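The values are calculated or read from the model by the stated rules, or taken from the named source; none is laboratory data. Keep in mind that this is a model prediction, so the values were computed, not measured. Note that we place each Cβ from the backbone using ideal geometry, even for glycine, and neighbour counts take in every protein chain shown.
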Amino acid sequence: MAPDFKYRKDFDEAKQRLGDLLKQREELETTIAKQKRRVAALAQLCEDNEGIAVDVDLDLGGLTDACRTVLRASRKDWMTAGEIATALEEIGFPIRRYKAVAATLNTTLLRLVETNGVQELRITGGSKVYKWAAPNYGASNSLANQMADRERDRRKK
């Protein structure tokens, strides 16, 4: 008796559609990240040039989530901690509120490396660079990414 393949075609089509949707969401995440940078830059210009305080809530979460967003949306393959700090400022994350910015950021990046979300590479002179290494399921704060992040964090403990 031959196996019954009555659902295989539907499964293949559904899987293809899901792949297409995830790709669209990934493209949208890049657009959203660029727009966050633009909004943050324009808010700063308003404050600097017009003396008007602009309240912008870009829903960046904590430092770990903001670092994940920056690394996922980066145009560069590899970023230094300094570049990450600058990118955090560009999207409006209040990184300068931390007393020891470099130490706090390096600790956060180390944790992201330990949870296999980020790759670290030593370059000439002993400096380190970082890149997003985990799967990217579209929008950086999407449910799929949040679940993957929590699972990586849970496995670390």
Residue list for the stretch 130-157, filter: surrounded by fewer than 16 Cβ atoms within 10 Å (Cβ to Cβ) and at pLDDT 80 or above: Lys131, Ala133
Pick from the stretch 77-100, criterion farther than 18 Å from Gln44 by Cβ and free of Cβ contacts under 8 Å to residues at least 24 places away in the same chain, ranking: surrounded by the fewest Cβ atoms within 10 Å (Cβ to Cβ): Lys99
Residue satisfying all of: in the stretch 42-63; among the aliphatic types (A, V, I, L, M) and at pLDDT below 75; surrounded by the most Cβ atoms within 10 Å (Cβ to Cβ) among these: Leu60
Tabulated pairs, the stretch 30-59, first within 15 Å of Glu90 (Cβ to Cβ) and among the basic types (Lys, Arg), second modelled with pLDDT under 70 and part of a loop (DSSP other than H, G, I, E, B), C-beta under 6 angstrom, 6+ apart or interchain: Lys36/Leu58
Single condition Leu18 does not satisfy, out of (1) within 30 Å of the chain's Cα centre (by Cα); (2) modelled with pLDDT under 70: (2)
Qualifying residues in the stretch 1-15 (those that are at pLDDT 80 or above and not charged (D, E, K, R)) - the one farthest from Thr86 (Cα to Cα): Tyr7
Residues (assigned to a helix (DSSP H, G or I), hydroxyl-bearing (Ser, Thr, Tyr) and either on the phi > 0 side of the Ramachandran plot or at pLDDT 90 or above (or both)) located in the stretch 80-129: Thr86, Thr104, Thr107, Thr108
